[in-house]
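**Q** There's a structure below that I have some questions on.
The values are calculated or read from the model by the stated rules, or taken from the named source; none is laboratory data. Not measured: the values here are computed from a predicted model. Note that each Cβ is placed from the backbone with ideal geometry, even for glycine, and that neighbours are counted across all protein chains shown. Ligands, DNA and RNA are stripped out before the accessible areas are found, and what is left, the full protein with its side chains, is counted by its heavy atoms. Shrake-Rupley method; radii C 1.70, N 1.55, O 1.52, S 1.80 Å.
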Amino acid sequence: MMPVLALTAILALTVASPVAADNVSIGINIGVPAPPHAVVMHPAPPVVLVAPPKLVVVPGSPVFYAPGTSINFFAYGGRYYSFHEGAWFVATTHNGPWVTIALGRVPQPVRAVPVAYYKVPPGHAKKMGGRGEASGHGCPPGLAKQGRC
């Protein structure tokens, strides 16, 4: 009964006094919380190295790579870097622990390493599925739709 009376009073004010109706507003607010932020966690590279790998300098670069490993393994400035399943990782020792690092925090010389020195070049993880890489990760969407990687 009370809501009907309140609605009747609002309608009466609107009809009786157009000037007074300018200050009246009706609204409905439903409190729905914002969805949580999605956090994508990339799996760390599968590094199982008993001893430090043999490192070879990338020609014309201050970066070293490990040709004898099955992952993308680079050394620069006293740290180790790996590009694995679309994400960069960094470690202070050759066997980890590996921590995800933003692309902007990867030193420029490491990012500039030619693709020829990668074990699994960016975008080729699905093609290299038999070499321990998970299929479907690191493939550009356009090529994935065409079944080319």
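**Q** Identify all residues within the range 60-73 that are in contact with a Ser or Thr (Cβ under 7 Å, 6 or more places away or on another chain) and assigned to a strand (DSSP E or B); write none if there are none.
**A** none
**Q** Within the range 74-90, restricting attention to residues that are open to solvent by 30 Å² or more (accessible area, probe 1.4 Å) and in a strand (DSSP E or B), which residue is nearest to V110 (Cα to Cα)?
**A** Only one residue fits best here, namely Y76.
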